[in-house]
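Trainee: Below is the structure I would like to discuss, written out as structure tokens.
Values quoted throughout were computed directly from the atomic coordinates according to the rules given, and no laboratory measurement underlies them. Note that the structure is a prediction, hence the values are computed from the model and not measured. When we count neighbours, we look across all protein chains shown, and the Cβ atoms used for this are built from the backbone with ideal geometry, even at glycine.
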Amino acid sequence: MTEPAAGTPSRKRSLIELVASLPEQVQKLVHREIELVKTELIAKLTALGVGAGLLLGAAITLLFLVGVLLTLAIIGLSYVMPDWAAALVVAGALLVIAAVLALVGYAVLKRGIPPLPTESIASIRKDILAVKGEGRRGSDV
């Protein structure tokens, strides 16, 4: 006759034994899930790091491209005006673009301050009140 595999019980476990082993099994399950989350996050963060590095390289290359295009604009304008005036026109255009971008960026940042998830906090407070039995059903707090 064949022997049962090592580690498998040779008899059926009682209900009390099964219930008694439940906390240990839940603990093992939670630890395995945490390890799975850690492994997945490490893989995803590594991919994000590599992707961010490549995007940074592309951004630096684009900065060189912008420098070349600005030089080309100055050279092109120098055919119709003095060199110093062509450089001044290009610099003025860059100043206007930078000012517009700064004002728009400031307005966007101002909307995000303070950086708290206010809608989520309000929803959690509403849920807590609902669990406590306070407040009215279906109303916003």
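Trainee: Just the residues that are over 19 Å from the mean Cα position of the chain (by Cα) and aliphatic (A, V, I, L, M), please, taken from the stretch 105-120.
Mentor: Ala107
Trainee: Just checking, does the stretch 87-101 include any residue being surrounded by 10 or more Cβ atoms within 10 Å (Cβ to Cβ) and outside any helix (DSSP H, G or I)?
Mentor: no
Trainee: While we're looking at this one, here's another question. Under the condition of being in a helix (DSSP H, G or I) and of a type in the set (Val, Ile, Thr), which residue from the stretch 53-86 is surrounded by the most Cβ atoms within 10 Å (Cβ to Cβ)?
Mentor: Ile74
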